[in-house]
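Peer 1: Take a look at this one; I'll ask things after.
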Amino acid sequence: MKDTTTFERDKTTWQHSALVARAAAKIARFLPELNAETAFQCGLFHDVGKLYLPREDFYKHPFLGYTLMRDANEPLLAEVCLLHSFPLSLASGAYFSHYCRGDAAEVARVKAAMETLNLSPAMQDYVALIQLCDKISGVTEYVTLEGKAAWYKARHKLDEESLRKNIDALQNIKKRLERRIQKNIYALLGLPKD
Ligand SMILES: [Fe+2]
């Protein structure tokens, strides 16, 4: 049986995931190429790997979520799990290393899995949507990308350059999506417009 600490941790993951799911569905409703329900599912499951890991191993959750969803025959959810933390894609060795706490075996696993992916344009859209929605969702409320960057800086001690590149990549995703939906995403989620 799980202890109370684990339950509280899982609760936080589900609360965050529910916010991500709601944001993704809200945005997807304005994208005719996407299905809002599918976007909701992607948000709900993106952090599923965390439910099976102790907090100190959370950095392994993208790959674990990927294997869980792949084994459940859910290829889109698997790709979302694997890629949601890596908007900088394969080019970013330093970021990977930071994210994986210097665990070279985990970096190698993630990279090898990424090299097998062959994402359709729609799948790329769902992945980008969840990459953004993940970072603008806290546990109980939505936050701006700059707000999340400040939180990361304080909590995870990522180096400034990796963090800046990561936030810039997400700002670009946000701008691209906003052009397509003709709406400000912060306003759509009840945040002040940037
Ligand atoms: Fe995550």
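The values are calculated or read from the model by the stated rules, or taken from the named source; none is laboratory data. What you see is a predicted model, and the numbers here were worked out from it, not measured in a lab. Because the Cβ atoms are built from the backbone with ideal geometry, glycine has one as well, and the counts that use them run over all protein chains shown. In case anyone asks, the SASA skips ligands and DNA or RNA and just uses the protein heavy atoms, side chains included. Shrake-Rupley method; radii C 1.70, N 1.55, O 1.52, S 1.80 Å.
Peer 1: Please work out the average accessible area per residue across the chain, using the 1.4 Å probe convention, and give it in Å².
Peer 2: Value for the chain: 51 Å² per residue.
Peer 1: Leaving out ligands, DNA and RNA, what percent of the accessible area of the chain is carbon and sulfur, probe 1.4 Å?
Peer 2: The nonpolar share, carbon plus sulfur, comes to 54 percent.
Peer 1: Let me ask you something else. List the pairs from Lys26/Lys193; Lys60/Lys183; Lys50/Lys175; Lys153/Lys174; Lys60/Lys148; Lys111/Lys183 whose alpha-carbon separation is above 25 Å, in the order I gave them.
Peer 2: Flagged as over cut-off: Lys60/Lys183; Lys50/Lys175; Lys111/Lys183.
Peer 1: What do you get for trypsin sites (Lys or Arg not before Pro) in segment 1-82 restricted to DSSP loop and a cutoff of at most 13 other Cβ within 10 Å of the site's Cβ? Before the final figure, lay out the partial values.
Peer 2: Working: sites: Lys2, Arg9, Lys11, Arg22, Lys26, Arg29, Lys50, Arg55, Lys60, Arg70; in loops: Lys2, Arg29.
Answer by residue number: Lys2.
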